[in-house]
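The values are calculated or read from the model by the stated rules, or taken from the named source; none is laboratory data. All of these numbers come straight from a predicted model, not from anything done at the bench. In this analysis, Cβ positions are derived from the backbone assuming ideal geometry, glycine residues included, and neighbour counts consider all displayed protein chains. For the accessible areas, the whole protein counts, side chains as well, though only heavy atoms, and no ligand, DNA or RNA atoms are used. Shrake-Rupley method; radii C 1.70, N 1.55, O 1.52, S 1.80 Å.
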Amino acid sequence: MPTPTRFQVDLDALQHNLDVARRLAGGRKVLAAVKADAYGHGLVAVARAIEERGDADWLGIAVTDEGTQLRRAGIRLPILKFSPTLPDDLAEALAADVTVSVGDLAAVRSLQEAAAAAGRTVDVHLKIDTGMRRVGAEPGEAGALAAAVLASPNLRATGAFTHLPVSDVPDGAAFTRAQLDAFGAVVDDLTAVLGPLPLIHAANSGAVLGHDLSGTTMVRPGIMIYGSAPDPLTAGGGQLRDVGRWTSRVTFIKRIHAGETVGYGRTWTAPRDTWIATVAVGYGDGYSRLLSSRGRMLIDGASYPIVGRICMDQTMLDLGPATPTVQVGDEVVLMGSSGDERIGVEELAELMGTITYEVTCLITARVPRDYV
């Protein structure tokens with residue numbers, strides 16, 4: 001029997017959103033971020049669709065094993081690893097033909113040693129910190145970083161990048177502009193040492209949707225390709241299409257009486273006689289417990305509130321006092337559309353007090369991904 005809870009990924013919608021990014025990029029190359037299991041949508045399947053449809057020029061990952069998985073699956077697109085790579089992880093990264101980012105002199109030394117041991121020349125991108133304050137070289141250190149790469153016989157600098165922490169909100173515009181100006185000055189310093197670098201990139205989804213991309217040659221859309229603007233205030237999010245649709249099924253229906261409680265902790269008391277439907281999904285599937293007695297689900301175009309605490313494997317809905325038309329086995333929509341009703345990932349994120357990125361990243365491996 002099929003698993004009752006499933007996550008459906010619309011590859012045509014993914015392609016549409018990448019087409020939006022491509023258009024906004026204005027002829028620049030497009031790197032599609034597929035880290036974190038493609039934001040919960042399935043690393044290999046998403047990357048394969050992107051490659052087969054020609055939707056992006058590069059892929060972006062965060063951990064080395066993601067690169068290994070992609071290469072084992074036959075994915076041949078260039079891959080950039082955004083985050084630092086520890087010395088004991090470099091051999092695997094090189095074996096997976098991953099372009100490594102370097103942000104300090106120690107990283108350059110370690111990578112040179114690993115590349116020499118492998119007998120290879122390795123492409124690197126220089127990571128510059130212009131305001132994220134997370135990883136990367138300070139702007140004033142960029143010249144020394146470039147010189148170290150130039151002096152490393154097994155390393156070849158092919159790009160430089162920075163990251164923009166507030167490109168997604170209007171009140172971050174001045175900070176983002178200052179970052180981009182600082183990055184442009186750093187690129188001039190790098191070019192003076194290394195010569196022209198083919199790949200200069202800074203634009204995450206917020207910048208792709210709403211900032212000047214002058215001086216860059218590649219963009220790095222992430223959350224926007226999966227159907228969400230990075231923030232509700234981000235301009236241009238209305239161009240995007242939903243990619244994920246999360247569903248489960250009703251497994252049990254029972255009538256309870258006014259004054260009876262539902263679920264662990266007895267946190268919800270029925271105000272009247274009513275019918276309760278149990279749905280085969282819980283926090284073990286990544287459906288957050290924070291939605292307890294706050295969220296809702298859709299059945300046959302109607303919205304029903306969640307009551308009581310969400311369990312590891314089950315969630316309860318209040319169907320109301322009338323004899324229900326809902327039946328065991330009916331589809332339940334957790335995220336997506338049913339009839340004229342829709343629960344967007346943005347709604348779930350708001351109720352959870354988090355961001356859209358986390359909602360889909362939380363969907364666990366036991367939920368099968370279906371691709372259409």
With respect to the numbered conditions (1) surrounded by 21 or more Cβ atoms within 10 Å (Cβ to Cβ); (2) out of contact with any Ser or Thr (no Cβ under 7 Å at 6 or more places or on another chain); (3) not in a loop (DSSP other than H, G, I, E, B), which one is the sole condition not fulfilled by His163?
(3)
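From the list Gly60, Gly67, Gly26, exactly one residue is in contact (Cβ under 8 Å) with a residue 24 or more places away in the chain and either open to solvent by 20 Å² or more (accessible area, probe 1.4 Å) or of a type in the set (A, V, I, L, M, F, W, C) (or both). Which is it? Working first, answer last.
On the way: Gly60 fails: either open to solvent by 20 Å² or more (accessible area, probe 1.4 Å) or of a type in the set (A, V, I, L, M, F, W, C) (or both); Gly67 fails: either open to solvent by 20 Å² or more (accessible area, probe 1.4 Å) or of a type in the set (A, V, I, L, M, F, W, C) (or both).
Going through Gly60, Gly67, Gly26 in turn, just one is in contact (Cβ under 8 Å) with a residue 24 or more places away in the chain and either open to solvent by 20 Å² or more (accessible area, probe 1.4 Å) or of a type in the set (A, V, I, L, M, F, W, C) (or both): Gly26.
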Kindly evaluate Gly54 against the criterion of being crowded, with 16+ Cβ neighbours inside 10 Å and under 30 Å from Asp12 (Cα atoms).
no
I'd like to know if the range 203-221 contains one or more residues that are open to solvent by less than 40 Å² (accessible area, probe 1.4 Å), modelled with pLDDT of 95 or more, over 19 Å from the mean Cα position of the chain (by Cα) and β-branched (Val, Ile, Thr).
yes
Yes/no for Ala116 being outside any loop (DSSP other than H, G, I, E, B) and open to solvent by less than 50 Å² (accessible area, probe 1.4 Å)
no
Among what's in the range 238-273 and is open to solvent by less than 20 Å² (accessible area, probe 1.4 Å), under 33 Å from the mean Cα position of the chain (by Cα) and small (Gly, Ala, Ser), pick the residue that is nearest to Asp12 (Cα to Cα).
Gly244
One residue from Ala277, Ala322 being surrounded by fewer than 18 Cβ atoms within 10 Å (Cβ to Cβ) and over 19 Å from the mean Cα position of the chain (by Cα):
Ala322
Among (1) open to solvent by less than 30 Å² (accessible area, probe 1.4 Å); (2) on the phi < 0 side of the Ramachandran plot, Pro84 falls short only on (1)
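Considering only the range 93-109, I want to know if a residue exists there that is in contact (Cβ under 8 Å) with a residue 60 or more places away in the chain and within 26 Å of the chain's Cα centre (by Cα).
Of the range 93-109, the ones in contact (Cβ under 8 Å) with a residue 60 or more places away in the chain are 99, 101.
Next, from what is left, pick out any that are within 26 Å of the chain's Cα centre (by Cα): 99, 101.
Yes - at least one qualifying residue is present in the range 93-109.
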Quick check: is even one residue across the range 173-182 open to solvent by 50 Å² or more (accessible area, probe 1.4 Å), touching a residue at least 12 places away in the same chain (Cβ under 8 Å), within 23 Å of the chain's Cα centre (by Cα) and within 30 Å of Met224 (Cβ to Cβ)?
no
